[in-house]
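> Structure incoming, see below.
The values are calculated or read from the model by the stated rules, or taken from the named source; none is laboratory data. All figures in this text were calculated on a predicted structure; none of them were measured in a lab. Glycine also receives a Cβ, built like all others from the backbone with ideal geometry; neighbour counts cover every protein chain displayed. To get the accessible areas, we keep the full protein, side chains included, count just its heavy atoms, and leave off ligands, DNA and RNA. Shrake-Rupley method; radii C 1.70, N 1.55, O 1.52, S 1.80 Å.
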Amino acid sequence: MQLVSIITNLRVQDIIDVLFLSVIVYYLYLWFRGTKAFKALVGLLALGVVFTFARFWGLFLTTWVFQILWQVLIVLIIILFQSEIRQVLERVNPFQILGLRPSATPAGWIPGFAAALFSMAGKRIGALIIFERMDFVEELTTGGVSLEAGPSPEVLMSIFQKSSPLHDGALTIRKGRVVKVGCYLPLSSSEGLPKAWGTRHRAALGLSERCDAWIVVVSEERGEISSARGGEMLQVKEVDQLTNLVQEALVPKRPETKTWKERILAPVMHQWPVKLGALFLIFLVWLLLAGQQNFEVTLTVPLEVKNLPAMIEILEPVNPELEITVQGVRKDASTLNRRNVHAEIDLSTARPGNKVFRISRDQIVLPSDRIEIVRIKPPAMEFKVRETSMIDQPQRP
């Protein structure tokens, strides 16, 4: 009954609360999936569920131990996930959310760049090239030498030729300019990757799992070109395909014009199983914790008249009611209604005429002593009564 009362008393604030946290959980899943941090977050989530059930069922010792552990875990989370936390804060970019980003403008060097990469693939010259987008990749890479140059074919060949001391590292392109060479990337920890993939492919996939950068890989063994983004690897077979990919990596294309219906449904239907799972998880946690939430409810209750003297009749008000505001934990306060809450007033001192009677808190009858009365409206009520004669009294059979 308490659970049903909690659900039926959902407020607009509760719906916003659940939806907001569901969006956060959804994006955290997208940002951390495929990484070691994601597995750690799943473990922390499991501990949180155990702690919630222990607190809900009143397991004192388990709850006490978890409360001590949470203080240590907060410090450990900050230390272990400092780079991931920084990336999340960097991704919460208001300009990106509002869509305020530069428009796609063609870059003259891209066709020559794409042709040079296919030429290198034909000569079995390996390469690893990072296109930095919204996230900074310097904190995810190690080593490297700063370089300021344009991504021309001559620069690519001089860096990635086998006799170059920098050919095993990655080249970083930021805003159409080469900014660093010889960088080493984190390898992907995903299982089940193709055995034919070498270190370059695993490094490209590992970086794409941790940020929004796009990485182009030129295979030295097979002479193929691939692109890693969002934890997925895509094979590039034509120069035009690579040209479009680099153009979009530098400046994302504006979405095509859609109808108003498609614009509304697109955010909901995209990866809907993940979104539904996040919503269910947050709503379940909310249900477990909502019962302990401080809750305030206002309801109108009848005012019952007691001990009215004989030969006295109430003219006004007829069927008096009070508006009371009570506060308590949600599992108690949400069950209140007109059937289990009422008020009583003693009119034993009533005399013909008008008289004001104050309404005190002890005149409100509540089903639980854990609920506190916050406000009574009106705090006093005026009764208009008159004296009746024997003729006015109803005749008894």
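> Please find the FRET efficiency linking ILE312 to THR8, where r is the Cβ-Cβ separation and R0 is fixed at 35 Å, and quote it to the nearest 0.05.
The computed FRET efficiency comes out at 0.25.
> Using 1/(1 + (r/R0)^6) with R0 = 56 angstrom and r between the beta carbons of LEU76 and ASP362, what's the FRET efficiency to the nearest 0.05?
According to the calculation, E is roughly 0.60.
> Turning to a different aspect of this structure: Largest first, what is the accessible-area ranking of MET233, MET381 with a 1.4 Å probe?
Solvent-accessible surface, decreasing: MET233, MET381.
> With every protein chain kept in the model, how would you rank SER219, SER146 by accessible area, 1.4 Å probe, largest at the top?
Descending order: SER146, SER219.
> Strictly over 27 Å apart at the Cα level, which of LYS306/LYS377; LYS306/LYS331; LYS162/LYS237; LYS123/LYS195; LYS331/LYS377; LYS175/LYS195 would you flag in this model?
In this structure, LYS306/LYS331; LYS175/LYS195 lie more than 27 Å apart at Cα.
> To continue, here is another question. Separation between the ARG339 and ALA40 pseudo-spin-labels, each 7 Å from Cα along Cα→Cβ, expressed in nm?
If labels sit at ARG339 and ALA40, their model points lie 5.2 nm apart.
> Would you calculate the separation in nanometres between label points at LEU61 and LYS162, each defined as 7 Å from the Cα along the Cα-to-beta-carbon direction?
Taking the simple label geometry, LEU61 and LYS162 are separated by 6.7 nm.
> Express in Å², to the nearest 10, the accessible area of TYR27 obtained by rolling a 1.4 Å probe over the protein heavy atoms while all chains stay in place.
So the heavy atoms of TYR27 present about 100 Å² to solvent.
> What nm value, rounded to one decimal, do you get for the distance between VAL305 and GLU148 when each label is placed 7 Å out toward the C-beta?
9.1
> Give me the mean projected area, in nm² to one decimal, of the convex hull enclosing the Cα positions of the stretch 37-81.
2.9
> Highest first, please rank the peptides 268-279, 320-331 by the mean number of other Cβ atoms sitting within 10 Å of their residues.
320-331, 268-279
> Report the Rg/Rh value for the stretch 122-201, based on alpha-carbon coordinates and the Kirkwood definition of Rh.
So for the stretch 122-201, dividing Rg by the Kirkwood Rh gives 0.97.
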